[in-house]
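Read through the structure below, which is laid out as structure tokens, and then see the notes.
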There are 2 protein chains.
Amino acid sequence: MNLLDTIPALRKALDAERAAGGTVGLVLTMGALHEGHLSLVRRAAAECDVVAVTVFVNPLQFGPHEDLAAYPRRLEDDAALSEGAGASYVFAPSVEEMFPDGTLTIVHVAEVGDGREGRARPGHFDGVATIVAKLFAVAGPCRAYFGEKDHQQLEVVRRMAADLSFPVQIVACPTAREANGLALSSRNAYLSPAERAAAPVVHRALLAGRALVERGVTDQAAVGAAMAEVLATEPAARLDYAEALAGADGKVRLFVAARIGTTRLIDNLEATAP
Amino acid sequence: MNLLDTIPALRKALDAERAAGGTVGLVLTMGALHEGHLSLVRRAAAECDVVAVTVFVNPLQFGPHEDLAAYPRRLEDDAALSEGAGASYVFAPSVEEMFPDGTLTIVHVAEVGDGREGRARPGHFDGVATIVAKLFAVAGPCRAYFGEKDHQQLEVVRRMAADLSFPVQIVACPTAREANGLALSSRNAYLSPAERAAAPVVHRALLAGRALVERGVTDQAAVGAAMAEVLATEPAARLDYAEALAGADGKVRLFVAARIGTTRLIDNLEATAP
């Protein structure tokens, strides 16, 4: 496994792989890798000749009062885990390498990034779209693997890549969960034992919403309210939003964001009407 | 010369050229090619193995009351001229090919794109940065040639390419002029014979500004006012702005924008203090 920390080094390595006829899989992360990330790496390794994992805690996607400084950083573990899951390259640049002069350029995706996380975290998706565009420009033609846990992020990235015609195929991968339903997230590390016991309420709320949709309830506000009610049964949880959104394909996507103590968790689930 | 009209066709052609060891030169245009464009194509042909000229009247960079519909379109001439100047590919996609679903993604470059043209044409540089990012994503690694006539555009593109780490080297090329100093522009075609006779006043204003800078005048407002005074001697001309801007390199860049009749012309010149 090659650990790289400059843009030219990654570009050169992936260009060489492609020149030799290899296909490239890309997994973009902020590090603190867990089984969710590793499932993306394994899928990429199964479908591509080489896999590059990027580890970069992107300051652009954090708000001024968010957890940029506290965000867990443990590159050595991340590199070993990536290699174990099949990665050939780990790209872990410094902020100085990525933005030697800051950035005056911002990539904005309208509409897709407006509601839910976009509303709760102003500027967040601009930061995401900008760093992903930059990493796509560096990585070159590839398949890029994103988890459905951050579903709105996936949609923002998909739209950005299509609108700007990046030679990148976006692959959506299912959310990895603990046995109790808690979606894996690097931010779960912030939870105290008591909070960790309370956190699966987010998933239970989504399951309750899904049960309603599957029973034929089409009133999206009613489904949202039912999910919020489940959340309210857990004293350690504070709801941010609970929304049901019908897609063009007839499926309904359910979203919950909540704070457990001071830690903000998000999750989502697909439901199919009968 | 190959005339291409789909994104996959251009990407495939340039990937094949690079795979065969060739370097790619890129000249982005809105068509209606004149000697200014062709000087870019010839320079690209001298420095790269193959040259691709893109011809796309980009709706994103026109304001609601600007000349999108009237903008001159003559692809057959453009293709022949490009070939004559050394281009191997002309990429002339339809709006439908470029934006089948419109675009929700906008690339914005702060500061660099704020004054002068950015102030006069709100949204213009967002449209420029977005289409250039997209064409860079399609074209892949290359050298891209831009004229200094649109100097602020050049600076916006340069900053965007650096911030997003596109594998594209930006090459600035001198402005092509008529013998009377008039900068070549596709919009010169809008000028009546009388207006065409009046139009060189823009260049004369810049020369007057340059003379002041070279004589040691450092008051940028005074230089701007002197350029505006020259503009005012021509009854057919209406000044938009006349600005002098000192760069980090000690050079001064002079800018004039004016309407000659209803046609808006811009030009700029570099001046060196004694």
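The values are calculated or read from the model by the stated rules, or taken from the named source; none is laboratory data. Here the structure is a predicted model, which is why all the values come from computation and not from measurement. Heads up, the Cβs are rebuilt from the backbone with ideal geometry, glycines too, and the neighbour counts pull from every protein chain shown.
When restricted to residues that are β-branched (V, I, T) and over 14 Å from A:A139 (Cα atoms), segment A:34-57 contains 2.
Within segment A:8-30, not a single residue is away from chain B (no Cβ under 14 Å) and in a helix (DSSP H, G or I). Considering segment A:1-40 alone, what residues qualify as being farther than 15 Å from A:Q169 by Cα and under 21 Å from the mean Cα position of the chain (by Cα)? Of everything in segment A:1-40, those that are farther than 15 Å from A:Q169 by Cα and under 21 Å from the mean Cα position of the chain (by Cα) turn out to be A:T29, A:M30, A:G31, A:A32, A:L33, A:H34, A:E35, A:G36, A:H37, A:L38, A:S39.
In segment B:115-133, is there at least one residue being within 27 Å of B:R43 (Cα to Cα), in a loop (DSSP other than H, G, I, E, B), touching a residue at least 12 places away in the same chain (Cβ under 8 Å) and in contact with a helix residue (DSSP H, G or I) (Cβ under 7 Å, 6 or more places away or on another chain)? The answer is no, given that none of the residues of segment B:115-133 is within 27 Å of B:R43 (Cα to Cα), in a loop (DSSP other than H, G, I, E, B), touching a residue at least 12 places away in the same chain (Cβ under 8 Å) and in contact with a helix residue (DSSP H, G or I) (Cβ under 7 Å, 6 or more places away or on another chain). Taking (1) closer than 24 Å to B:P167 by Cβ; (2) more than 14 Å from chain A (Cβ to nearest Cβ) in turn, B:L81 satisfies each apart from (1).
A single member of A:V213, A:V252, A:V223, A:V230 is under 18 Å from A:E148 (Cα atoms), crowded, with 19+ Cβ neighbours inside 10 Å and not charged (D, E, K, R), and it is A:V252.
For segment A:177-187, name all the residues that are small (G, A, S) and in contact with a Lys or Arg (Cβ under 8 Å, 6 or more places away or on another chain). Steps first, answer last, please.
Let us first name the residues in segment A:177-187 that are small (G, A, S), namely A:179, A:181, A:183, A:185-186.
Within segment A:177-187, A:G181, A:A183, A:S185 meet the criteria.
Can you find even one residue in segment B:71-78 that is at pLDDT below 95 and touching a helix residue (DSSP H, G or I) at 6+ places or on another chain (Cβ under 9 Å)? Scanning segment B:71-78 turns up at least one residue that is at pLDDT below 95 and touching a helix residue (DSSP H, G or I) at 6+ places or on another chain (Cβ under 9 Å). Restricting segment A:99-117 to residues that are more than 8 Å from chain B (Cβ to nearest Cβ) and crowded, with 21+ Cβ neighbours inside 10 Å, the residue that is modelled with the highest pLDDT is A:E117. Looking only at residues of segment A:122-158 that are within 17 Å of A:A52 (Cβ to Cβ) and basic (K, R), we find that the one that is farthest from the other protein chains (Cβ to nearest Cβ) is A:R143. A:A16: assigned by TED's automatic domain parsing to the domain that holds A:M98, exposed (fewer than 14 other Cβ atoms within 10 Å of the Cβ) and more than 22 Å from A:V128 (Cβ to Cβ), yes or no? It is true that A:A16 is assigned by TED's automatic domain parsing to the domain that holds A:M98, exposed (fewer than 14 other Cβ atoms within 10 Å of the Cβ) and more than 22 Å from A:V128 (Cβ to Cβ). State whether the residues of segment A:217-237 include one that is in contact (Cβ under 8 Å) with a residue 12 or more places away in the chain and either aromatic (F, W, Y) or touching a His at 6+ places or on another chain (Cβ under 6 Å) (or both). Checking segment A:217-237: not a single residue is in contact (Cβ under 8 Å) with a residue 12 or more places away in the chain and either aromatic (F, W, Y) or touching a His at 6+ places or on another chain (Cβ under 6 Å) (or both). Here is the figure for segment A:159-191: residues that are within 11 Å of chain B (Cβ to nearest Cβ), out of contact with any Phe, Trp or Tyr (no Cβ under 6 Å at 6 or more places or on another chain) and not acidic (D, E) total 7.
On inspection, A:A32 fails the criterion of being touching a residue at least 12 places away in the same chain (Cβ under 8 Å), buried (at least 18 other Cβ atoms within 10 Å of the Cβ) and touching a strand residue (DSSP E or B) at 6+ places or on another chain (Cβ under 8 Å).
For segment A:241-257, the set of residues classified as free of Cβ contacts under 8 Å to residues at least 24 places away in the same chain and in contact with an Asp or Glu (Cβ under 9 Å, 6 or more places away or on another chain) consists of A:G247, A:K251, listed by residue number.
Matching residues to (1) closer than 20 Å to A:G115 by Cα; (2) of a type in the set (K, R); (3) touching a residue at least 60 places away in the same chain (Cβ under 8 Å):
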site	(1), (2), (3)
A:L184	no, no, yes
A:E195	no, no, yes
A:A205	yes, no, no
A:L239	yes, no, no
A:R259	yes, yes, no
A:D267	yes, no, yes
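Reported count of residues in segment B:87-98, each being hydrophobic (A, V, I, L, M, F, W, C) and either in contact with a Leu (Cβ under 6 Å, 6 or more places away or on another chain) or free of Cβ contacts under 8 Å to residues at least 40 places away in the same chain (or both), is 4. Do we have A:V57 as in a strand (DSSP E or B) and under 29 Å from A:L182 (Cα atoms) here? No. Please verify whether B:K149 is over 30 Å from A:I131 (Cα atoms), modelled with pLDDT of 95 or more, surrounded by 18 or more Cβ atoms within 10 Å (Cβ to Cβ) and not assigned by TED's automatic domain parsing to the domain that holds B:A228, treating the condition exactly as stated. Yes; evaluated as a whole, the condition is true for this residue. Please tell me if B:V50 is more than 12 Å from chain A (Cβ to nearest Cβ), free of Cβ contacts under 8 Å to residues at least 60 places away in the same chain and over 20 Å from the mean Cα position of the chain (by Cα). It is true that B:V50 is more than 12 Å from chain A (Cβ to nearest Cβ), free of Cβ contacts under 8 Å to residues at least 60 places away in the same chain and over 20 Å from the mean Cα position of the chain (by Cα).
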